[in-house]
1. Would you pick out the residues in segment 113-135 that are out of contact with any helix residue (DSSP H, G or I) (no Cβ under 8 Å at 6 or more places or on another chain) and among the charged types (D, E, K, R)?
2. Considering every residue within segment 189-197, establish whether at least one is free of Cβ contacts under 8 Å to residues at least 24 places away in the same chain and part of a helix (DSSP H, G or I).
3. Within segment 121-132, track down each residue that is open to solvent by 10 Å² or more (accessible area, probe 1.4 Å) and either farther than 22 Å from Leu44 by Cβ or more than 15 Å from the chain's Cα centre (by Cα) (or both).
4. Where the second residue is open to solvent by 60 Å² or more (accessible area, probe 1.4 Å) and the first is touching a residue at least 60 places away in the same chain (Cβ under 8 Å) and lies in segment 21-45, which pairs have Cβ atoms under 8 Å and are six or more apart or on separate chains?
5. For segment 26-47, what are the residues that are touching a Leu at 6+ places or on another chain (Cβ under 7 Å) and closer than 15 Å to Leu88 by Cα?
6. Quick one: is Asp70 within 15 Å of the chain's Cα centre (by Cα), touching a residue at least 12 places away in the same chain (Cβ under 8 Å) and open to solvent by 70 Å² or more (accessible area, probe 1.4 Å)?
7. Limited to segment 181-200, what total is found for residues that are touching a Pro at 6+ places or on another chain (Cβ under 9 Å) and buried (at least 17 other Cβ atoms within 10 Å of the Cβ)?
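The values are calculated or read from the model by the stated rules, or taken from the named source; none is laboratory data. Every value quoted in this text rests on a predicted model; they were computed, and no experiment measured them. Reconstructed Cβ throughout: ideal geometry from the backbone, glycine too, with neighbour counts over all protein chains shown. These accessible areas exclude ligands, DNA and RNA; they are computed on the full protein's heavy atoms, side chains included. Shrake-Rupley method; radii C 1.70, N 1.55, O 1.52, S 1.80 Å.
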Amino acid sequence: VRRGDSGVATARALSNSLDGLLGALFCASDAATRAAGLPVKGRLGLVAYGGYGRGTVGLYSDLDVLFLCDDPTDPRVAAIAEAMLYPLWDLKVDIGHAVRGVDETIKLARTDIRTATSLLDLRRVGGDSEIVKELLGASRRQVFEPALGEFLDALVADTEARHERFGGSLYLLEPDVKHGRGGLRDLDVAEWAGRAGWGVRTT
């Protein structure tokens, strides 16, 4: 920022740095739980979504991660999550997290537009890759392909409600550059529609 790099380049550089930090914390936490004798009962993947999933994290933005696992009640999963999150909180990183399985996530995505769109942004940061592929495959088969029209209708309704809430005019004195009409979130919506319909990805 101080040397004049663009906002997008800075956001991508920060995302890459966070990948290194969270990836290292995940590996260290996983090794610590194994050393402590906690049995490995199933798969666990660390997944980024939201702006972090898209690989563009603005300075002081929050992070959203999902601990995707076969058994959300597994004590080892809870131990790894705690071992990762406490150091991040100590570093003043604003990180939101959830612990869910594939079936629970798919079920939630069928009725919650936020969860559905998160499936279009997510990417693996650490841990098991197969469970992440399983979730991505299930999202195509069970959420987007069979009910694309319903998803797009919900996306339009959510966008209209957001414009009403944050200002629907481009000519407001102080427009909300993220949530207002023509803001960054509208660009996200366009990408989500393309990803849901055709599985495309932009860089």
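1. Arg114, Asp128, Glu130, Lys133
2. Residues of segment 189-197 free of Cβ contacts under 8 Å to residues at least 24 places away in the same chain: 190, 194.
This time we only want the ones that are part of a helix (DSSP H, G or I), so: 190, 194.
Scanning segment 189-197, I find at least one residue that is free of Cβ contacts under 8 Å to residues at least 24 places away in the same chain and part of a helix (DSSP H, G or I), so the answer is yes.
3. Gly127, Asp128, Ser129, Glu130
4. Short answer, once both residue conditions are applied: Arg43/Asp70; Arg43/Glu130; Leu44/Asp70; Gly45/Arg124.
5. Those that are touching a Leu at 6+ places or on another chain (Cβ under 7 Å) and closer than 15 Å to Leu88 by Cα: Phe26, Leu46.
6. Numbers: within 15 Å of the chain's Cα centre (by Cα): no; touching a residue at least 12 places away in the same chain (Cβ under 8 Å): yes; open to solvent by 70 Å² or more (accessible area, probe 1.4 Å): yes.
No; evaluated as a whole, the condition is false for this residue.
7. Start the filter on segment 181-200 by keeping residues that are touching a Pro at 6+ places or on another chain (Cβ under 9 Å), which leaves 181-183.
Now restrict to residues that are buried (at least 17 other Cβ atoms within 10 Å of the Cβ): 181, 183.
Total meeting the criteria: 2.
Listed here are the residues, each with its yes/no results for (1) open to solvent by less than 10 Å² (accessible area, probe 1.4 Å); (2) touching a residue at least 12 places away in the same chain (Cβ under 8 Å); (3) basic (Lys, Arg).
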{"residue": "Tyr49", "(1), (2), (3)": "no, yes, no"}
{"residue": "Tyr52", "(1), (2), (3)": "yes, yes, no"}
{"residue": "Val77", "(1), (2), (3)": "yes, yes, no"}
{"residue": "Leu91", "(1), (2), (3)": "no, no, no"}
